[in-house]
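Asks: This is the structure I want to talk about, given as structure tokens.
The values are calculated or read from the model by the stated rules, or taken from the named source; none is laboratory data. These numbers come from a predicted model, not from an experiment. Every residue, glycine among them, receives a Cβ derived from its backbone with ideal geometry; neighbour counts consider all protein chains shown. These accessible areas exclude ligands, DNA and RNA; they are computed on the full protein's heavy atoms, side chains included. Shrake-Rupley method; radii C 1.70, N 1.55, O 1.52, S 1.80 Å.
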Amino acid sequence: MKPSTMLGSTRGYSGTLGKVGNCQIGVSVHAASDAASCPLAWRLFLPEKWDLPEAAGQRARCRVPGDERHRPKWQLALEMLDELAATGLRPDVLVADIDYGANASFRRGLEERGLAFALQVKGELTAYPATAEPHQPVYGGLGPRPLPRYRTRPVSLREHVLDAGWDQAVTITWRKGSKGPMTSAFIALRVRLAGRRPKPALDGTIPLRWLIAQWPDGQDEPVKYWISNLPADIPVPDLVRLAKLRWRIEHDYRELKTSLGLDHFEGRSFAGWHRHVTLVTAAHLFLTEQRTDPRAPARA
């Protein structure tokens, strides 16, 4: 399987810069495969109140650059993806959690950049069925011509999956966990996403996307949902493995915090925070290379 890129947010730093719930919030982009993963970029999230005039003294004490302003986390993520792309690092597939997947502006940003993705979303996100077609209203001769639009009401992803029924689910093992193979039942459907900011073609058609739902045996309804713009002919097991690959970021955070001191930063400067996460990332990369290098000495 090709490497992919994933996004994450981590909080819980003990420093005083940016008192967001008494902690600092970082946004990260990671490179990942089935075998290994490592952070590629970090951004420190600044809350909106740090842009206010009364925060000028605090910004000066923390040496926050004058052009550094509040941006939502999804925007920080897009900025990092653009910077990585400028160096030739462009993901084959991007995976992210609900915080990003549920954001229409973030999804639009990925589409505009031509990036493939598999994003976890909420079941309340709405979509049209694959068979839905836009209707062209009759032009009355006055004003601009009306745009094609769908006449049927979109329904939630949850409703699409429930209408398909659990009988359509297939059992898939996506990886081996610490307690054995990780297996569950999944339904994969083709839908046309509605919600905010859909991007239809000139004829009004909204493109088809994958809807993946995890519906374990014995549950009354699905427990997780993903959307993806991966090709229509991708095998469903590969689709599920990619959507589930975000477990690697949790593995990274656990090692970064428990073994390498990611959450031990107690500095008070903007640049200091970024130096800290850079050094921690370098240490993580070294350990990852040691683990994956067949020539590295085995542990005693």
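Asks: When both residues are 6+ apart or on different chains and their Cβ atoms are under 7 Å apart, which pairs have a first residue that lies in the stretch 240-256 and is modelled with pLDDT of 85 or more, and a second that is among the hydrophobic types (A, V, I, L, M, F, W, C) and part of a helix (DSSP H, G or I)?
Replies: Leu256/Leu262; Leu256/Val280
Asks: Still on this model: Being surrounded by fewer than 10 Cβ atoms within 10 Å (Cβ to Cβ) and in contact (Cβ under 8 Å) with a residue 12 or more places away in the chain is the filter here, so list the residues in the stretch 53-67 that pass it. Steps first, answer last, please.
Replies: As a first pass, look at the stretch 53-67 and keep what is surrounded by fewer than 10 Cβ atoms within 10 Å (Cβ to Cβ): 53-54, 57, 65-67.
If the condition is that a residue be surrounded by fewer than 10 Cβ atoms within 10 Å (Cβ to Cβ) and in contact (Cβ under 8 Å) with a residue 12 or more places away in the chain, then Pro65 is the only one that fits.
For (1) open to solvent by 20 Å² or more (accessible area, probe 1.4 Å); (2) under 21 Å from Ala41 (Cα atoms); (3) not in a loop (DSSP other than H, G, I, E, B), each residue gets a yes or a no:
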| site | (1), (2), (3) |
| --- | --- |
| Gly88 | yes, yes, no |
| Asp99 | yes, yes, yes |
| Gly123 | no, no, no |
| Val138 | yes, no, no |
| Leu142 | yes, no, no |
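Asks: Within the stretch 247-281, restricting attention to residues that are open to solvent by less than 60 Å² (accessible area, probe 1.4 Å) and of a type in the set (Ser, Thr, Tyr), which residue is farthest from Val29 (Cα to Cα)?
Replies: So the residue we want is Ser269.
Asks: A follow-up question, please. Could you tell me which numbered condition Arg71 fails, if it satisfies all but one of (1) open to solvent by 60 Å² or more (accessible area, probe 1.4 Å); (2) farther than 24 Å from Ala282 by Cα?
Replies: (1)
Asks: Of all residues in the stretch 154-183, how many are assigned to a strand (DSSP E or B), of a type in the set (Gly, Ala, Ser) and at pLDDT below 95? Before the answer, list the steps.
Replies: Residues of the stretch 154-183 that are assigned to a strand (DSSP E or B), as a first pass: 155-156, 170-177, 180-183.
Remaining after also requiring of a type in the set (Gly, Ala, Ser): 156, 177, 180.
Still in the list and also at pLDDT below 95: 177, 180.
Qualifying residue count for the region: 2.
Asks: Let me ask something else about it. Only one of Gly101, Gly123 is modelled with pLDDT of 90 or more, within 30 Å of Ile187 (Cα to Cα) and out of contact with any helix residue (DSSP H, G or I) (no Cβ under 6 Å at 6 or more places or on another chain); which?
Replies: Values: Gly123 fails: out of contact with any helix residue (DSSP H, G or I) (no Cβ under 6 Å at 6 or more places or on another chain).
Within the list Gly101, Gly123, the selection yields Gly101.
Asks: Additional query: Look through Leu115, Leu81 and report the one residue that is in contact (Cβ under 8 Å) with a residue 24 or more places away in the chain, open to solvent by less than 20 Å² (accessible area, probe 1.4 Å), of a type in the set (A, V, I, L, M) and assigned to a helix (DSSP H, G or I). Reasoning before the result, please.
Replies: Details: Leu115 fails: assigned to a helix (DSSP H, G or I).
Among Leu115, Leu81, only Leu81 is in contact (Cβ under 8 Å) with a residue 24 or more places away in the chain, open to solvent by less than 20 Å² (accessible area, probe 1.4 Å), of a type in the set (A, V, I, L, M) and assigned to a helix (DSSP H, G or I).
Asks: So, of the residues in the stretch 225-239 that are free of Cβ contacts under 8 Å to residues at least 60 places away in the same chain and more than 23 Å from Gly177 (Cβ to Cβ), which turns out to be most open to solvent (accessible area, probe 1.4 Å)? Break it down stepwise before answering.
Replies: Applying the first criterion (free of Cβ contacts under 8 Å to residues at least 60 places away in the same chain) to the stretch 225-239 yields 231-235.
From what's left, more than 23 Å from Gly177 (Cβ to Cβ): 231-234.
Values: Pro231: 75, Ala232: 65, Asp233: 129, Ile234: 29 Å².
Step by step, filter the stretch 225-239, then rank; the result is Asp233.
Asks: Would you mind finding the one in Gly204, Gly218, Gly195 that is assigned to a loop (DSSP other than H, G, I, E, B), in contact (Cβ under 8 Å) with a residue 40 or more places away in the chain and open to solvent by 20 Å² or more (accessible area, probe 1.4 Å)?
Replies: Details: Gly204 fails: open to solvent by 20 Å² or more (accessible area, probe 1.4 Å); Gly218 fails: in contact (Cβ under 8 Å) with a residue 40 or more places away in the chain.
So the residue among Gly204, Gly218, Gly195 that is assigned to a loop (DSSP other than H, G, I, E, B), in contact (Cβ under 8 Å) with a residue 40 or more places away in the chain and open to solvent by 20 Å² or more (accessible area, probe 1.4 Å) is Gly195.
Asks: Can I ask one more? Find all pairs meeting these conditions: Cβ atoms under 8 angstrom apart; at least six residues apart or on different chains; first residue within the stretch 263-288 and closer than 14 Å to Pro39 by Cβ; second residue assigned to a helix (DSSP H, G or I) and of a type in the set (Asp, Glu).
Replies: His284/Asp252; His284/Glu255; Leu287/Glu255
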